[in-house]
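Below is one structure, written out as structure tokens; comments come after it.
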Amino acid sequence: MKQKSKHSQFLPIFGTALLPCGATMRKLSIVFLMSTMGWTSFGNLGMPLPATGESKIGKAIKVRLTTYHRNEDYWTRRLRSSSGYTLKEGISVACDPKIFDYGTKIMIEGVGVRQVHDTGTAVVAKKASKGKLPVVDVFFLKESSAEKFANSHKYAQVWVVK
């Protein structure tokens, strides 16, 4: 009787690299699909988590969520942030650089991972929270998308992703 190789769930690619197949590939496909749809909780798909010994997410901070869109002003019309980054929907947020440095990746509860690319006077002044909480301003291309998000998201927990 022929014995199964310990790598039987992988397909060889270019000689030495191995590509997962079968159940492992289905699980990876599901995780990829869910992540592209903006889902942040995958539950237990039976996939082992990496044992790094350190947390990938820092301490939670409660913030006030606001939105801005492409037609707000001269710079956002050109998709330029105050830090020089190109603004991208689904990625860019504006924060006070004293709280989150430019380029910092943050996990927003119910929203997903975003990156700090911008700031603004209302964000720094914490205008939306009347000076009580830090403000995270989420970027959208369309004004209608920004309004829809703003009506459904007021406050959230935010973690720095390490």
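The values are calculated or read from the model by the stated rules, or taken from the named source; none is laboratory data. Keep in mind that this is a model prediction, so the values were computed, not measured. In this analysis, Cβ positions are derived from the backbone assuming ideal geometry, glycine residues included, and neighbour counts consider all displayed protein chains. Accessible surface areas use protein heavy atoms only, side chains included; no ligands, DNA or RNA. Shrake-Rupley method; radii C 1.70, N 1.55, O 1.52, S 1.80 Å.
Just a few scattered comments:
- Residue 64 being open to solvent by 40 Å² or more (accessible area, probe 1.4 Å), in a strand (DSSP E or B) and in contact with a helix residue (DSSP H, G or I) (Cβ under 6 Å, 6 or more places away or on another chain): yes
- Any hit, segment 65-83, residues being in contact (Cβ under 8 Å) with a residue 12 or more places away in the chain, among the hydroxyl-bearing types (Ser, Thr, Tyr), touching a Cys at 6+ places or on another chain (Cβ under 7 Å) and farther than 16 Å from residue 140 by Cβ: no
- Any hit, segment 128-138, residues being at negative phi, modelled with pLDDT under 95 and buried (at least 16 other Cβ atoms within 10 Å of the Cβ): yes
- Residue ID - surrounded by the fewest Cβ atoms within 10 Å (Cβ to Cβ), chosen from residues in segment 113-127 that are outside any strand (DSSP E or B) and free of Cβ contacts under 8 Å to residues at least 60 places away in the same chain: 121
- Residue 76 at pLDDT below 95 and open to solvent by 40 Å² or more (accessible area, probe 1.4 Å): no
- Scope segment 79-112; condition among the polar types (S, T, N, Q) and surrounded by 16 or more Cβ atoms within 10 Å (Cβ to Cβ); matching residues: 81, 92, 104
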